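Input: a single structure, listed below in C-alpha cells.
The values are calculated or read from the model by the stated rules, or taken from the named source; none is laboratory data. Please read these numbers as outputs of a predicted model, since none were measured by experiment. Note that we place each Cβ from the backbone using ideal geometry, even for glycine, and neighbour counts take in every protein chain shown. Side chains included, ligands, DNA and RNA excluded: accessible areas come from the protein's heavy atoms. Shrake-Rupley method; radii C 1.70, N 1.55, O 1.52, S 1.80 Å.
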Amino acid sequence: MSKELVFGHKSPDTDAISCAIEYAYLANKLGDDVEAVALGTPNDETKFVLDYFNVDAPRVITNAKPEVDSVVLVDHNEAKQSVDDLADVTVTRVIDHHKIDFQSAQPLYYRAEPVGCCSTIIYKMFLENDVVIPREIAGLMLSSIISDTLLLKSPTTTDEERQAVPVLAKLAGIDDYETYGIEMLKAGTNVAARSAEDILQGDAKTYEMGGKNLRIGQVNTVDLEDVLSRKDELEAEMKTIMAADGYDMFLLLATNVLTSDSVMLVLGDPINAIEEAYNAKVENNLVNLPGVVSRKKQVIPPLQAVLG
Ligand code: MN
Ligand code: MN
C-alpha cells in the first residue's frame with residue numbers, strides 16, 4: 001500500500017492530534033505506511049500532554065495531494081473541518097465520533113461510534129487487533145478522553161470511557177488520573193495569555209444550519225471572569241471575523257471546567273433562535289447555560305432543531 005496521511009480536524013484539540021498519532025502507530029504495526037500529521041499546531045493543553053509523555057507534535061500540513069493520493073480522517077468527517085484539498089484525494093478511512101456530514105465517490109471503511117472521544121474507538125481497535133499499547137500512546141488516549149469528556153463529566157461520556165480511563169491510566173503510569181486531568185485542563189485554560197482572536201478561533205468550528213453560516217467557538221477556563229472581563233475586545237474581534245468570513249452568527253461558549261457551567265457570548269442574527277434553542281434570555285449578548293459543557297451534545301442539537 002502506498003503511503004497515507006492521517007489527521008484530525010483544523011484548529012486541532014487534544015483528541016484530534018492524539019488520534020492521528022495513535023492511528024498511525026496502530027496502522028504501522030499492522031503493516032501499513034501511515035504518517036500522522038496535523039491541520040494546525042497544538043494548543044496549550046495538547047502541548048502539556050505531548051511534553052508530559054515526551055511525544056513530538058505532528059508536522060502541520062494544509063494540503064495533502066502534493067504528498068499522497070489517499071488519507072485517513074480521524075476525529076472529524078466534514079470537509080469544512082478537513083484539509084483544504086480534500087476533494088483531490090481519496091479518503092480510505094474515517095474514524096470518528098461526530099455527526100456525519102460526509103460524501104464519498106468511493107467505498108471506504110467508515111467507523112462511527114457515538115462515544116465521548118475518538119481515541120476511545122482507536123483504543124478498541126488496538127484491543128481488537130491485539131496490539132500492545134505503549135505508555136505514551138496510552139497517555140495520549142487517556143488525555144484525549146479527559147479532554148473531550150472534561151474528566152468524564154460531560155453528558156457525551158459513555159461507559160466505554162468510564163471503563164477505558166482506569167486501564168489507560170495504569171498503562172500510562174498515572175497513579176491519580178483526576179489530579180493529572182485537572183492539571184492538564186488547567187494547562188489549556190490560560191485565557192489571560194491568549195489573544196482575542198485565538199480565544200475565538202482556537203477551537204472554533206463552522207456549521208450550516210437553515211441557510212445560516214455559524215461559527216461556534218469554545219474556550220475552557222477555571223474562572224469565567226477571565227473571559228467575561230474581555231467581552232468588549234472579544235465582541236470587536238467577533239465582528240471583524242464575521243465580516244471577513246461571511247458568518248451570520250458567532251457563538252463563543254466559555255466553559256468553567258471545574259464547575260461544568262458555561263456562559264455563551266453571541267453576536268449576529270437571528271438572536272431569537274438562541275433564546276428559543278436554550279430557553280434562556282440573551283442579555284447584553286450573553287446567555288447563561290448552567291450545566292452545559294458540550295458543544296456537540298448540548299449546544300448544536302437544540303440550535304439545529306430551531307434553525308432547521
Ligand atoms: Mn476534536
Ligand atoms: Mn474528539
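V55 - would you say it is within 16 Å of ligand 2 (Cβ to nearest atom) and either of a type in the set (G, A, S) or in contact (Cβ under 8 Å) with a residue 40 or more places away in the chain (or both)?
On the way: within 16 Å of ligand 2 (Cβ to nearest atom): no; either of a type in the set (G, A, S) or in contact (Cβ under 8 Å) with a residue 40 or more places away in the chain (or both): yes.
Answer is no for this residue.
If you take the residues in segment 27-41 that are assigned to a strand (DSSP E or B) and under 20 Å from V132 (Cβ atoms), which one is nearest to ligand 2 (Cβ to nearest atom)? Give the derivation first.
Step one: filter segment 27-41 for residues assigned to a strand (DSSP E or B), giving 34-36, 38.
Checking the rest, the ones that are also under 20 Å from V132 (Cβ atoms) come to 34, 36.
Numbers: V34: 19, A36: 15 Å.
Looking at residues that are assigned to a strand (DSSP E or B) and under 20 Å from V132 (Cβ atoms), I get A36.
Within segment 170-179, which residues are buried (at least 21 other Cβ atoms within 10 Å of the Cβ) and in a helix (DSSP H, G or I)? First the steps, then the outcome.
Residues of segment 170-179 buried (at least 21 other Cβ atoms within 10 Å of the Cβ): 172, 174, 177.
Within segment 170-179, A172, Y177 qualify.
Give the residues of segment 182-194 that are away from ligand 1 (no atom under 16 Å from the Cβ) and either assigned to a loop (DSSP other than H, G, I, E, B) or at pLDDT 95 or above (or both), sorted by residue number. Spell out how you get there, then give the answer.
Let us first name the residues in segment 182-194 that are away from ligand 1 (no atom under 16 Å from the Cβ), namely 182-183, 186-187, 189-194.
Selection gives T189, N190, R194.
Only one of (1) open to solvent by 20 Å² or more (accessible area, probe 1.4 Å); (2) at pLDDT 95 or above; (3) not hydroxyl-bearing (S, T, Y) is not met by Q103, so which one is it?
In the conditions (1) open to solvent by 20 Å² or more (accessible area, probe 1.4 Å); (2) at pLDDT 95 or above; (3) not hydroxyl-bearing (S, T, Y), Q103 misses (2) alone.
Can you name the residue in segment 1-28 that is away from ligand 1 (no atom under 16 Å from the Cβ) and not hydrophobic (A, V, I, L, M, F, W, C) and is also nearest to L168 (Cα to Cα) among such residues?
Of the residues in segment 1-28, the ones away from ligand 1 (no atom under 16 Å from the Cβ) are 1-5, 24-28.
From what's left, not hydrophobic (A, V, I, L, M, F, W, C): 2-4, 25, 28.
Working: S2: 32, K3: 29, E4: 27, Y25: 16, N28: 21 Å.
My answer is Y25.
Looking at G188, G246, G210, can you tell me which residue is surrounded by fewer than 17 Cβ atoms within 10 Å (Cβ to Cβ) and touching a residue at least 60 places away in the same chain (Cβ under 8 Å)? Lay out the reasoning, then the answer.
Numbers: G188 fails: surrounded by fewer than 17 Cβ atoms within 10 Å (Cβ to Cβ); G246 fails: touching a residue at least 60 places away in the same chain (Cβ under 8 Å).
None of the other options fit; the residue is G210.
From L286, L267, L258, L307, which residue is closer than 21 Å to T149 by Cα and touching a residue at least 12 places away in the same chain (Cβ under 8 Å)? Reasoning before the result, please.
Working: L286 fails: closer than 21 Å to T149 by Cα; L267 fails: closer than 21 Å to T149 by Cα; L307 fails: closer than 21 Å to T149 by Cα.
Criteria check complete, one pass: L258.
Tell me, yes or no, whether segment 13-26 has at least one residue that is open to solvent by 10 Å² or more (accessible area, probe 1.4 Å), more than 22 Å from V89 (Cβ to Cβ) and within 16 Å of ligand 2 (Cβ to nearest atom).
Looking through segment 13-26, at least one residue is open to solvent by 10 Å² or more (accessible area, probe 1.4 Å), more than 22 Å from V89 (Cβ to Cβ) and within 16 Å of ligand 2 (Cβ to nearest atom).
With closer than 30 Å to A172 by Cα, open to solvent by 60 Å² or more (accessible area, probe 1.4 Å) and at pLDDT 95 or above as the only criterion, which of D75, D56 stands out?
Details: D75 fails: open to solvent by 60 Å² or more (accessible area, probe 1.4 Å).
The conditions single out D56.
Would you confirm whether or not segment 263-281 contains a residue that is modelled with pLDDT of 95 or more and touching a Ser or Thr at 6+ places or on another chain (Cβ under 9 Å)?
yes
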